[in-house]
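Contents: one structure, followed by commentary.
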Amino acid sequence: MELISFQIGNVFDVSQTEGEPLPELGVEELKGNVKDYGIFFQALREVSPVPIRFEPMSGRKKGYYHLDEKRIAIKEGVSELQAVKTAVHEISHAKLHDPDTLKKQRIQVKIRNENTMEVQAESVAYVVSKYYGLDASEYSFAYIAGWGSGREMKELKASLKTIQKTAYGLITDLDAKFLELRKRFGKIPTVNQDRSIQKRI
């Protein structure tokens, strides 16, 4: 027979302690360029279900999906890598979480939890970025950890199929768009078309 016991201990709020500041789980802006960025971003604009615009933003926000106006805004002045990653994140919101879009597709709106929606959108952004050789891991892991904290593992696991399906759809659309843009403009970045998407995600 195993006995289980509890011990009484003191608990302090961080404001009641002294010493070096505790490290915070921050999400720093991504830095870096993207090969053939102009064509890459044009492909994103053309596969997005809503217009994408750059505009001034204050604070740490890098972009947002405007539900009423059906548009995506990205912060002016961010790096190419941040712009691409943010665009994919917001396109994911437009595809996964807009009630009007889901209604047109005859999909019942089930998820209204902000944490779950943010985890889904950022996970899709990470997978798509990774597929195209763009490293967003430092940003995405911190972002997902922040929004996913306190969530039950069962809830997060339930999103994996949605994340995979959405990432697969976006990659398929982008690869097709790259081929179309190659014909239109004559030059296009290499986009991993020698491998099966199913094997990559």
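Values quoted throughout were computed directly from the atomic coordinates according to the rules given, and no laboratory measurement underlies them. All figures in this text were calculated on a predicted structure; none of them were measured in a lab. In this analysis, Cβ positions are derived from the backbone assuming ideal geometry, glycine residues included, and neighbour counts consider all displayed protein chains.
Arranged from highest to lowest average of other beta-carbon atoms within 10 Å per residue, in what order do the peptides 53-61, 74-82 appear?
Final packing ranking: 74-82, 53-61.
Which value in nm describes the separation of the simple spin-label points at D100 and D173, placed 7 Å from the Cα toward the beta carbon?
Distance between label points: 1.6 nm.
Please find the FRET efficiency linking F185 to N113, where r is the Cβ-Cβ separation and R0 is fixed at 45 Å, and quote it to the nearest 0.05.
0.60
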